[in-house]
Amino acid sequence: MKTTNTHLKLLLCFTVLLICYSCKKEIVQTKEETEYTQYFSAVIGSKSITIQNSLSKDRSLFKGSWTGVGMSNWDQIEMYTIKTILPKEALKVNAELNFQIFDIKKNTYHIDKADFFEKSLSTYIYLKKYDDFNNETIYSANKAKKPFEIKITKYDFPNESLTPVVRGTLSGVLYNVKDLRDSITIKNGDFEVRY
C-alpha cells in the first residue's frame with residue numbers, strides 16, 4: 001500500500017510539473033526589420049547628387065513603378081518606370097529625370113531616340129527642366145548622337161513579392177529636343193529602386 005501511495009504521489013508530482021512546464025509563456029523574439037532604402041546617384045552636368053528614400057520617407061523624390069502589359073497573344077511584357085526629382089542645386093532650376101524600360105530584364109539598353117511623346121510602351125529617358133511659370137525644356141536621347149546607356153544589373157522579385165527590386169547604372173548625354181547644341185551629361189549613374 002505504501003508503495004502504491006508513493007507511486008501515486010510521484011505520478012501526481014510528475015503531472016503537476018508537466019502542466020506547469022507546458023503553461024510557461026513562450027518568449028518570442030521578434031527581429032526588427034529595417035525599412036528598405038532605395039537610392040539614385042549620378043554626376044549631372046558637373047554636380048554630384050545622391051537621393052535616398054524609403055516607402056515612408058520622401059517617396060515623391062525618387063520612385064519606381066512596375067507595369068505588366070498584356071499583349072494580344074496573351075503574353076505579358078514587364079515595364080518599369082523611374083521618376084527622380086533632382087535637387088534644385090544640380091541644374092539651378094527645378095528638374096526631373098524620367099526613364100522607362102519596356103520589356104525589362106537584366107540587360108544593357110542603348111537609347112537613341114526621343115519617342116516618349118508618341119509611345120508610352122517604349123524604352124526612353126528624358127530630363128525636364130522647368131520654372132515656376134511652367135516653362136519647360138526637354139532633354140532626351142537623339143538618334144543623330146551616341147546612344148544613352150542604361151544597364152539593368154538586378155531585376156528580382158524578392159520573397160515572391162509582386163514588387164521587383166531594380167538596380168542599374170546609366171550614363172550618356174541628353175540633348176535639348178529643340179536645340180542640339182544644348183545638352184546635359186549624366187555620368188556614373190547608379191540606382192536601386194523598389195517603390
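Computed from the coordinates by the stated procedures, all read-outs in this text should not be read as laboratory data. Not measured: the values here are computed from a predicted model. Using ideal geometry, Cβ is built from the backbone for each residue, glycine included, and neighbour counts are taken over all protein chains shown.
Please state, rounded to one decimal and in Å, the Kirkwood hydrodynamic radius that region 35-193 gives when every pair of distinct Cα atoms enters the mean of 1/r. Kirkwood radius, region 35-193: 16.3 Å. Compute the FRET efficiency between K187 and V69 as 1/(1 + (r/R0)^6), taking r as their Cβ-Cβ distance and R0 = 35 Å, and round to the nearest 0.05. Taking R0 as 35 Å, the efficiency between K187 and V69 is 0.65. Below 9 angstrom from the Cβ of E96, what's the summed charge of the other residues (Lys, Arg +1; Asp, Glu -1)? Within the 9 Å Cβ shell, the charges total +3. Across region 35-193, C-alpha contacts under 8 Å between residues 6 or more apart give a mean separation that, scaled by the residue count, equals a relative contact order of 20 percent.
Applying 1/(1 + (r/R0)^6) with R0 = 30 Å to the Cβ-Cβ distance of L55 and K143 gives a FRET efficiency near 0.20. Can you compute the FRET efficiency between S48 and T153 using 1/(1 + (r/R0)^6), with r the Cβ-Cβ distance and R0 = 22 Å? Round to the nearest 0.05. After rounding to 0.05, the efficiency reads 0.60.
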